[in-house]
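Below: the structure, in structure tokens.
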Amino acid sequence: MSPVDIVRNRLATLECQGLHRKRRTSHSACGTRLIVDGESVKAFCSNDYLGLAADPRIAQALKEGVDRYGVGSGASHLISGHHRVHYQLEARLASFVSDHIPNVAALYFSTGYMANVGAIAALAALDPDVEVFSEALNHASLIDGMRLARVRTSIYGHCDVEELESRLSASTAKVKLVVTDSVFSMDGDLAPIPRILQLCEKHGAWLLVDDAHGFGTLGEHGHGVLEYFSLRSDHLIYVGTLGKAAGVGGAFVAADSRVIDWLVQRARSYVYSTASPSALAQALLASLDIIEGADGKGRRARLAHLINLLNRELHLERWTKLQSSTAIQPVLLGDNEQATQVSKKLHEAGYWVPAIRPPTVPVGTARLRITLSAAHSDEDVVALANTLNHIESTLQRS
């Protein structure tokens, strides 16, 4: 059997299991209404939670950045690619969590994936005797960071603080690192961060929080989960993503300045990557101003209203709407084929809501992942809920 035949057979297996993935091509700027493969759809699938991805103020800042800095950084940050605007962005990002982490500094990465992989690997290199305690539903980038670091890893159950405490108590590792999402990307629920932090302080462990889906949306000023829970500790390592609520791209790690200095020395995904274009940093500075200001506060209030509206209008009898107070609103169907079928029916009705299947979620938990944006209208949200109610009712009778 040729190598190509092996690939063909594996793809055929995925197709039979209802797990083959296909891309759709959008022909318009990110928003709640898109032209996808030539068809107009109402999109409930992006992570543009505050509706900033196509904001003209941020676009103008990007244009000004291109005029000033060009389109490429030219080298890695440790060679010649670290520009003044990168420095300004990192200082601004550090200010977002300065009330929550003493002596804080921030480091800007090209993507959230690179931030998580780089931070975990660098922290694992602190000492030969390191143990990482990982939440069962952590994002793939966190899991891959542990795998690539080849570090001893202990997995605790989803939001199971008692199991985490038991594992921390039993550990004799010199360096302990607890790693968790704040908002879980496929369930939409919040990790019990205050209780986890208490355990970390008790057992002398670091707590790395991936706030990809909380940055910009949680907290009075959009500073994320640490502001939301009013936390402060020198045990915290905070990862924020800038391609979701912030509407641009990249990510950052914030921690004690000595931890950040260590990442500069040992985070391979930072050291060995060409720096992101300076123009993106310029755009992000404009985005951060919006997030912290009155407009950002209004958008977060608008998003909260839409979350409540969707939950009020959905009346499902057979499927399960998972409990979530965040922009991620999953509907659990269980079966891969049915999730794909319902997603297709929604597409035919003019809605883009993806079916999420294994391995992204555990086997038997295929779901629709509805994501809301402050840019959605009340009418769009109510219409989506009514359409989904109708599809469930129709399939139940057939």
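The values are calculated or read from the model by the stated rules, or taken from the named source; none is laboratory data. Since this is a predicted model, take the numbers as computed values, not measurements. A quick note on method: Cβ atoms are made from the backbone with ideal geometry, for glycine too, and the neighbour counts reach across all protein chains shown.
Laid out as a table, the results:
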{"item": "Qualifying positions in the range 350-398 - farther than 21 Å from residue 336 by Cβ and either in a loop (DSSP other than H, G, I, E, B) or touching a strand residue (DSSP E or B) at 6+ places or on another chain (Cβ under 9 Å) (or both)", "result": "350, 372, 373, 374, 375, 376, 377, 380, 383, 384, 387"}
{"item": "Residue check for residue 346: within 29 Å of residue 38 (Cα to Cα) and in contact (Cβ under 8 Å) with a residue 40 or more places away in the chain", "result": "yes"}
{"item": "All positions within the range 370-398 that are more than 23 Å from residue 245 (Cα to Cα) and buried (at least 23 other Cβ atoms within 10 Å of the Cβ)", "result": "388"}
{"item": "Scan of the range 161-177 for residues that are touching a residue at least 12 places away in the same chain (Cβ under 8 Å) and in a helix (DSSP H, G or I), ordered by number", "result": "161, 164, 165, 167, 168, 169"}
{"item": "Subset of the range 303-331 [among the small types (Gly, Ala, Ser) and free of Cβ contacts under 8 Å to residues at least 24 places away in the same chain]", "result": "304"}
{"item": "Set 357, 318, 367: member being more than 19 Å from the chain's Cα centre (by Cα) and either surrounded by 16 or more Cβ atoms within 10 Å (Cβ to Cβ) or among the basic types (Lys, Arg) (or both)", "result": "318"}
{"item": "Test: residue in the range 29-42 that is loosely packed, with under 13 Cβ neighbours inside 10 Å, over 29 Å from residue 225 (Cα atoms), free of Cβ contacts under 8 Å to residues at least 24 places away in the same chain and in the same structural domain as residue 140 (by TED's automatic domain parsing)", "result": "no"}
{"item": "Residue identified as closer than 28 Å to residue 54 by Cβ, among the aromatic types (Phe, Trp, Tyr) and out of contact with any His (no Cβ under 6 Å at 6 or more places or on another chain) among 352, 319", "result": "352"}
{"item": "Checklist (1) outside any loop (DSSP other than H, G, I, E, B); (2) surrounded by fewer than 16 Cβ atoms within 10 Å (Cβ to Cβ); (3) in contact with an Asp or Glu (Cβ under 8 Å, 6 or more places away or on another chain) applied to residue 330, failing item", "result": "(2)"}
{"item": "The one condition in (1) part of a loop (DSSP other than H, G, I, E, B); (2) among the hydrophobic types (A, V, I, L, M, F, W, C); (3) not assigned by TED's automatic domain parsing to the domain that holds residue 232 that residue 310 fails to fulfil", "result": "(1)"}
{"item": "Residue ranges of strands (runs of 3 or more DSSP E) in the range 182-277 with at least 1 members at negative phi and hydroxyl-bearing (Ser, Thr, Tyr)", "result": "236-241"}
{"item": "The range 272-297, subset touching a residue at least 60 places away in the same chain (Cβ under 8 Å) and surrounded by fewer than 16 Cβ atoms within 10 Å (Cβ to Cβ), residue farthest from residue 375 (Cα to Cα)", "result": "272"}
{"item": "So residue 300, is it in contact (Cβ under 8 Å) with a residue 40 or more places away in the chain, among the basic types (Lys, Arg) and crowded, with 18+ Cβ neighbours inside 10 Å", "result": "yes"}
{"item": "Residue in the range 303-318 that is touching a Phe, Trp or Tyr at 6+ places or on another chain (Cβ under 9 Å), at pLDDT 95 or above and of a type in the set (Gly, Ala, Ser) present", "result": "no"}
{"item": "Yes/no for residue 392 being assigned by TED's automatic domain parsing to the domain that holds residue 305, more than 19 Å from residue 322 (Cα to Cα) and more than 23 Å from the chain's Cα centre (by Cα)", "result": "no"}
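Quick grid of which residues meet (1) surrounded by fewer than 24 Cβ atoms within 10 Å (Cβ to Cβ); (2) small (Gly, Ala, Ser); (3) outside the structural domain of residue 207 (by TED's automatic domain parsing):
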position: 225; (1), (2), (3): no, no, no
position: 234; (1), (2), (3): yes, no, no
position: 239; (1), (2), (3): no, no, no
position: 246; (1), (2), (3): no, yes, no
position: 249; (1), (2), (3): yes, yes, no
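Per-residue answers, yes or no, for (1) in contact (Cβ under 8 Å) with a residue 60 or more places away in the chain; (2) assigned by TED's automatic domain parsing to the domain that holds residue 269; (3) within 26 Å of residue 367 (Cα to Cα):
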| position | (1), (2), (3) |
| --- | --- |
| 116 | yes, yes, yes |
| 122 | yes, yes, no |
| 125 | yes, yes, no |
| 133 | yes, yes, no |
| 138 | yes, yes, yes |
| 144 | no, yes, yes |
| 148 | no, yes, no |
| 179 | no, yes, yes |
